[in-house]
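Visitor: The structure follows.
Read-outs throughout are calculated quantities, based only on the coordinates presented, and are distinct from any laboratory measurement. Here the structure is a predicted model, which means the values were calculated and not measured. Because the Cβ atoms are built from the backbone with ideal geometry, glycine has one as well, and the counts that use them run over all protein chains shown.
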Amino acid sequence: MKAIMISGRTLAQGAGCECKMNPDFFKAVSICSLSEGDYKSLGLTDGKNVLVKNEFGQAVFFARADEGLPPGIIFIPMGPWANVLVGPDTGGCGPPQYKGVEVEVLPTDEPVLDVRELFAGIGRAKA
Amino acid sequence: MILEDVVCSFCGCLCDDLVAEVEEGKVKRIKRACRLGSSKMMGHGRIKAPMVRKDGELKEVSYQEAYDRAAEILLCAKKPLLYGWASTVCEAQKKGVLLAEEVAGVIDSTATVCHGPSVIGIEEKGLPGATLGQVKNRADMIVFWGCNPAEAHPRHALRYSSNVPGKFTPEGRAGRKVVVVDVRETRTAKNADKFVLIRPGSDYEVISALRMLVAGKGDFVPDEVGGIPKTVLASLADFLKSAKFGAVFFGLGITHSRGRYKNIDNALSLVAELNAHTKFVVMPMRGHYNVTGIGQVMAWETGFPMSVDFARGAAYFNPGETAACDLLARHDTDAALIIAADAASNFPRPTVEYLARIPVIQIDPYENPTTLLSEVVIPSAISGVEAEGTAYRMDGMALRMRKLVDTTYPSDEEILTNIIESVRRQRGTIGCTEA
């Protein structure tokens, strides 16, 4: 399914953001919310994950239905998982486009990577 | 010991009514804070000791060794980036500007990936602003556009805006009208009298249509804009004009979307247009508690609010060129000092991959993904809990952050003072190897 990704703050993301190596932060921000219709049409159920991908990268997220979302729009809390899908172009004024990102969403049986796994492929990620 | 009137060091609301219960040098309980504030003020996940990466692994070292290694990295870099600054106090930020000048680097704040476009828009148009106190006491119309304070600034509505009783707004929520414009129905939207669901990326068009309608030029507006029928926009324009004192709060919904700073520029024009009919003010919902402060400090120290490059020997500002994300995307920096921020989590992946290829110095109380990429890690005291200093609320009010408990961790200001001292001592004495 093609969708527009919006990333942003949530209470759980904010409460965990000064404690990012804690599993609570990981659980709070590796979630992809979809409209109820999209959730059903992708055949998602409790415990099912989604693979979200675009030209910049891809990541697996826990899937949730959110009645406040219009069809075709997904919401991911701001953080390292969402930012896998964000491109570096800043439109000449500093910030990348964290919202309104074109993505593809697919159901998957793959697991969601935790924070160390997410950074494992990058340079010196051995603390 | 009970400490009253404690200022919260999480978001730009800087709530100054917290009560802290302190016992044996630790904050045991925080009252009145929201979930975000109490989580931060209680403190957890601390970095224990300074560390320097040796043979691929972070090894504990003395603070002096960490300062000297940090200074060496900054001195050997051709164009170091000094990034972050939003979650520390102005006294530390001032030292940061000095250090950037000493090492001919670029100093940039988290504003560039948040409300930087707002700052640019405000430079274009000006800001008909107000204090949050004026909004609390006078505003009968509150507009939240592209922001979700119910989750990002949880006490905003209860202390300053939609739901609080004020001097001339004694009925609180019942006496105010609340408008929410967003691309999804947020928790904030559930508190609105009017919720307008627009298509993602259409803020500029919707704002333009409202400007025309407010100015009485609705004939030029098409039947539908941003997914909203013209009739709905026309009634929204009339609704806004019916306010005695309106306040527009805008968030990253419009700075992070298509149009970026032009969205802000247009929103400020809408507020100017509304002021032809009634009183309206406007304010960005600033995120980190002192992101407003770093803008103030940089403006008075360098003349520019963010993204200042000292490589030419004088302050140079050109967002899109000198902003942190742009520098990393272009590989135009060869070392980074990240303080009171977490670029590894909050930047796009390709820029994080580049960050992992250059030496990174981290100054922060908490371990986070930036720690994983760092060559030097320097743990600091939590400003507003373990160190005092000045911070600016989102409306530009300066408040004094208090020290609640003693700590063995040095403050950000102390760490930066020591790195500056080490830079001056080592300048010209070290041999740098080409990367």
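Visitor: How would you classify the stretch B:283-421 from its alpha-carbon gyration tensor, with a ≥ b ≥ c the square roots of the eigenvalues: rounded for a/c under 1.5, else prolate if a/b is greater than b/c, otherwise oblate? Show your work: numbers first, answer last.
Guide: Working: a/c = 1.65, a/b = 1.19, b/c = 1.39.
In terms of gyration-tensor shape, oblate.
Visitor: Could I ask something else about it? Going by Cα centres, the stretch B:25-89 and the stretch B:294-359 are how many Å apart?
Guide: When both Cα centres are located, 18 Å separates them.
Visitor: Still on this structure, please answer the following. Across peptide B:251-258, how many C-beta atoms of other chains are within 10 Å of each residue C-beta, on average?
Guide: For this peptide, the per-residue mean of nearby foreign Cβ atoms is 5.
Visitor: Take the alpha carbon atoms of the stretch B:101-128, find their center, do the same for the stretch B:410-435, and report the distance between the two centers in whole angstrom.
Guide: 26
Visitor: Could you give the angle, 0 to 90 degrees to the nearest 10, between helix B:203-214's Cα long axis and the longest principal axis of the Cα atoms of chain B?
Guide: Once rounded, the angle reads 40 degrees.
Visitor: If you don't mind, another one. Among the DSSP beta bridges whose two residues both lie in chain B, what percent are antiparallel, rounded to the nearest 5?
Guide: Values: 26 of 63 bridges.
Antiparallel bridges make up about 40 percent of those DSSP assigns within chain B.
Visitor: Okay, next question. Nothing charged except the Cβ atoms of Lys and Arg (+1) and of Asp and Glu (-1): what's the magnitude of the dipole of the protein assembly as shown about its Cα centre? Round to the nearest 20 debye.
Guide: About 1200 debye.
Visitor: Please name whichever of B:THR110, B:SER257, B:PHE347 sits farthest to the positive end of the charge dipole of chain B, dipole taken about the Cα centre and charges placed at Cβ: Lys and Arg +1, Asp and Glu -1.
Guide: B:SER257
Visitor: Note down, for chain A, the three equivalent ellipsoid semi-axes (square root of 5 times each alpha carbon gyration tensor eigenvalue), biggest first, whole angstrom.
Guide: That gives 22, 18, 15 Å for the three semi-axes.
Visitor: Which one, B:PHE239, B:ALA381, A:LEU42, is farthest towards the positive end of the dipole of the protein assembly as shown when Lys and Arg carry +1 and Asp and Glu -1 on their Cβ?
Guide: Of the options given, the answer is B:PHE239.
Visitor: Using +1 on the beta carbon of Lys and Arg, -1 on that of Asp and Glu, and nothing else charged, what's the dipole of the stretch B:272-339 about the Cα centre, debye to 20?
Guide: With Lys and Arg at +1 and Asp and Glu at -1, about 280 debye.
Visitor: Indicate the gyration tensor shape class of the protein assembly as shown (rounded, prolate or oblate), computed on the Cα atoms with a ≥ b ≥ c the square roots of the eigenvalues: a/c under 1.5 is rounded; otherwise a/b larger than b/c is prolate and the rest oblate.
Guide: It is prolate, given that a/c is not under 1.5 and a/b is the larger ratio.
Visitor: Next question, about the same structure. Per-residue mean of other chain beta-carbon atoms within 10 angstrom of the beta-carbon, peptide B:364-376?
Guide: 5
Visitor: Among bridges DSSP assigns within the stretch B:238-390, what percent are antiparallel (round to 5)?
Guide: 10
Visitor: Only bridges whose two residues both fall in the stretch B:116-284 count here: according to DSSP, what percent of them are antiparallel, nearest 5?
Guide: 10
Visitor: Here is a follow-up. How crowded by other chains is B:181-188, given as the mean number of beta carbons from other chains within 10 Å of each beta carbon?
Guide: Per residue, the average neighbour count from other chains is 4.
Visitor: In addition: Roughly how many whole Å is it from the C-alpha centroid of the stretch B:139-188 to that of the stretch A:34-83?
Guide: The stretch B:139-188 and the stretch A:34-83 have Cα centres separated by 29 Å.
Visitor: Note down the magnitude of the dipole of chain B about its Cα centre, charges +1 on Lys and Arg C-beta and -1 on Asp and Glu C-beta and zero elsewhere, to the nearest 20 debye.
Guide: For this selection, approximately 1380 debye.
Visitor: Please identify, among A:LYS53, A:LYS40, A:LYS99, the residue showing maximal mean-square fluctuation in a Gaussian network model of chain A using a 10 angstrom Cα cutoff.
Guide: Maximum fluctuation in the GNM of chain A, among the listed residues, is at A:LYS40.
Visitor: Another one. For the peptides B:48-60, B:350-362, what is the packing order when you average, over each peptide's residues, the other Cβ atoms within 10 Å and list the highest mean first?
Guide: B:350-362, B:48-60
Visitor: Right, something else. Once you've got the GNM for chain A with C-alpha springs shorter than 10 Å, pick whichever of A:GLY57, A:GLY47, A:GLY37 has the biggest mean-square fluctuation.
Guide: A:GLY47
Visitor: Considering the options B:GLY218, B:ILE430, B:CYS11, tell which one lies farthest towards the positive end of the dipole of chain B, charges being +1 on Lys and Arg and -1 on Asp and Glu at the Cβ, about the Cα centre.
Guide: Of the candidates, B:GLY218 comes out farthest on the positive side.
Visitor: Label the stretch B:116-284 by shape, choosing from rounded, prolate and oblate, from the square roots a ≥ b ≥ c of the eigenvalues of the Cα gyration tensor; if a/c is under 1.5 it is rounded, and otherwise prolate applies when a/b is larger than b/c, oblate when it is not.
Guide: Rounded, since a/c falls under 1.5.
Visitor: Can you compute the FRET efficiency between A:ASP109 and B:ASN318 using 1/(1 + (r/R0)^6), with r the Cβ-Cβ distance and R0 = 35 Å? Round to the nearest 0.05.
Guide: 0.15
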